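J.: Input: one structure, supplied below.
Bear in mind these aren't lab numbers, they're just calculated from the coordinates by the rules spelled out. These figures come from a predicted structure and were not determined experimentally. Ideal geometry is used to build each Cβ from the backbone, glycine not excepted, and the neighbour counts take in all protein chains shown.
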Amino acid sequence: MLKSAGRFIFIPMTTKFPKGFLTPQEHITLLKNRGLLFEGKEQKAATYLKNIGYYRLSAYFYPLLQTPKEQHIFKQGSSFRNVMNMYRFDRKFRVLVFNEVEKIEVAFRSCITNMASEAFNDIFWMTDPQYFADTEKFNSSMAAINSELDKTKEDFIKHFKTSYSDPYPPSWMIAEILPFGNLRYIYDNLKSSSLKKQIAQYFGLQPKVFFSWLIVLGGLRNICCHHSRAWNRILPVITQNPQKTSFGWIDITQTDNRRMYYRLCMIKYLLFTISPNNTFKYKLKDLIAAYPTIDIKAMGFPENWDNEPVWR
């Protein structure tokens, strides 16, 4: 598969997919032959394989494999219990992260609608091209807005349509039905640089850094929503590091910004504005303590991470 001019071009391949279907019991036999221990709980493991699926669980087999990983031989002492511990940790980790990202998303929706409505003295600013820098981007945003208005089942939108003659609802109503990705690009397309700066500074960042963080957090939110592996993932989108911060931050030289730890620090930093007395740090520490076999270094955690300024 190649990428050209923003589009993916699929090149026909001649090699057919070699793998066939295996039952849970056949998968257990395969895993045993590769050195994974089941500790006499094959029946319970078969139930997990049936309800979760071998393919989803295979992401949690991978850290237990010897090097080279391609040989699919497990490290000595690796067990299916280790696999399920990683799976359970990851599931609870995603719930924790999603709950905190939700607070940031809701705050951003409120912040952009309130600040822009006040700055422009216009509650319908979101559908007015005069406030935006790029006409093509504005038209793309309007297409998304029209699509959401056409398909939404929200009672407040139905009420507006049947009660008022305005062509579009006010910005705060539209913000409630727009996907997060569309809303962040509306922010990026604002013509007023002073307004963009005001919104970003509310969260303690500069506009370019803030926008890059919104992109990354949107991707993280999607990982959590789609139940994808999160805990030790190497993430492709790299954020801009803040050069100037309003709150405590981290030692960038000791942190891989492709790893999950960096994303957690971003969440904690943004929560300084949204929820100053949040308990995110303690929830995170409790989760890590509940699963002591989890290698948090694989998530990018440095030594004594909780003593970094962002966590204090």
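J.: For the chain, take the longest principal axis of its alpha carbons; what is the angle in degrees between that and the long axis of helix 42-52, to the nearest 10 within 0 to 90?
T.: Orientation of helix 42-52: about 20 degrees from the principal axis.
J.: 5 Å is the cut-off here: which amide hydrogens, built 1.01 Å from N in the peptide plane, fall below it relative to Ile73, excluding neighbours closer than 5 in sequence?
T.: Here Gln66 satisfy the definition.
J.: Follow-up. Summing +1 for each Lys or Arg and -1 for each Asp or Glu, what net charge is found among the other residues whose Cβ lies under 14 Å from the Cβ of Ile177?
T.: So the surrounding residues net to -1.
J.: Moving to a separate point now. Add +1 for every Lys or Arg and -1 for every Asp or Glu among the other residues with Cβ under 13 Å from the Cβ of Tyr262, and state the total.
T.: +2
J.: Over the range 4-96, calculate the relative contact order: mean separation of alpha carbon pairs under 8 Å at least 6 apart, over the residue count, as a percent.
T.: 28
J.: Something else about it: Just need log10 I(q)/I(0) for the range 104-228 at q = 0.19, 0.21, 0.23 Å⁻¹, Debye formula, equal scatterers on the alpha-carbon atoms, no solvent, rounded to two decimals.
T.: -1.11, -1.32, -1.50
J.: Calculate, in nm to one decimal, what Tyr62 and Lys153 gain on full extension: separation in residues at 0.36 nm each, minus their alpha carbon distance.
T.: 28.5 nm
J.: Would you work out the charge dipole size for the range 22-78 about its Cα centre, treating the Cβ of every Lys and Arg as +1 and the Cβ of every Asp and Glu as -1, and quote it to the nearest 20 debye?
T.: On the way: 8 positive and 4 negative charges, 21 e Å.
Roughly 100 debye for the range 22-78.
J.: Just to confirm a number: summing +1 for Lys and Arg and -1 for Asp and Glu over residues other than Glu105 whose beta-carbon lies under 11 angstrom from that of Glu105, what do you get?
T.: +2
J.: Rounded to the nearest 0.05, what FRET efficiency is calculated for Leu37 and Ala289 with R0 set to 25 Å and r the Cβ-Cβ distance? Could the numbers behind the result be given before it?
T.: Numbers: r = 25 Å, r/R0 = 0.99.
Working from the Cβ atoms, E equals 0.50.
J.: Continuing with this model, one more query. What chymotrypsin sites (Phe, Trp or Tyr not before Pro) does the range 145-186 have in DSSP loop regions with at most 13 other beta carbons within 10 Å?
T.: Details: sites: Phe156, Phe160, Tyr164, Trp172, Phe180, Tyr185; in loops: Tyr164.
For chymotrypsin sites (Phe, Trp or Tyr not before Pro) across the range 145-186 that sit outside H, G, I, E and B with at most 13 neighbouring Cβ atoms in 10 Å, the list reads Tyr164.
J.: Taking the number of other C-beta atoms within 10 Å as the exposure measure, put Phe21, Phe132, Phe80, Phe124 in order starting with the fewest.
T.: The most exposed by this proxy come first: Phe21, Phe124, Phe132, Phe80.
J.: Here is a follow-up. Taking the Cα centroid of the range 209-235 and of the range 119-172, what is the distance between the two, rounded to the nearest whole Å?
T.: 27
J.: For the range 22-78, what mean projected area does the convex hull of the alpha carbons give, in nm²?
T.: Result: a mean projected hull area of 3.7 nm².
J.: Mind listing the long-range amide H neighbours of Phe132? Cut-off is under 5 Å, sequence gap 5 or more, other chains count too, H placed in the peptide plane at 1.01 Å from N.
T.: Here the answer is Lys191, since their amide H atoms fall under 5 Å of that of Phe132.
J.: Can you find, among Gly218, Thr239, Ser192, the residue sitting farthest towards the positive end of the charge dipole of the range 171-239, where Lys and Arg contribute +1 and Asp and Glu -1 at Cβ?
T.: The one lying farthest along the dipole's positive direction is Thr239.
J.: Calculate, in nm to one decimal, what Glu70 and Asp128 gain on full extension: separation in residues at 0.36 nm each, minus their alpha carbon distance.
T.: 15.4 nm
J.: Could I ask something else about it? Can you figure out the FRET efficiency of Ser275 with Glu136, using R₀ = 30 Å and their beta-carbon distance, to the nearest 0.05?
T.: Numbers: r = 37 Å, r/R0 = 1.23.
Result of the calculation: an efficiency of 0.20.
J.: A further question follows. Can you sort Asp188, Asp295, Asp155, Asp134 from fewest to most other Cβ atoms within 10 Å of each residue's own Cβ? Before the final figure, lay out the partial values.
T.: Working: Asp188 18, Asp295 11, Asp155 8, Asp134 14.
Listing Asp188, Asp295, Asp155, Asp134 from fewest to most nearby Cβ atoms yields Asp155, Asp295, Asp134, Asp188.
J.: Which of the three applies to the range 187-257, rounded, prolate or oblate, going by the alpha-carbon gyration tensor with a ≥ b ≥ c and a/c under 1.5 meaning rounded? Can you show the working numbers first?
T.: Details: a/c = 2.61, a/b = 1.41, b/c = 1.85.
Taking the square roots of the gyration eigenvalues as a ≥ b ≥ c, the range 187-257 is oblate.
J.: Tilt of helix 80-120 relative to the longest C-alpha principal axis of the chain, in degrees (0 to 90, nearest 10)?
T.: 10
J.: Here's something else I'd like to know. Can you tell me how the range 247-312 classifies by the Cα gyration tensor, rounded, prolate or oblate, using a/c under 1.5 as the rounded cut?
T.: Oblate, since a/c reaches 1.5 and b/c is not below a/b.
J.: Need one number: nm distance between label points at Lys19 and Asp166, each 7 Å from Cα along Cα→Cβ, rounded to one decimal.
T.: So the two model labels end up 5.3 nm from each other.
J.: Under the Karplus relation 6.51 cos²θ - 1.76 cosθ + 1.60, θ = phi - 60°, what is the ordered set of whole-Hz ³J(HN,Hα) values for the range 67-74, x standing for Gly and Pro?
T.: Couplings: 8, x, 4, 4, 7, 6, 10, 7 Hz.
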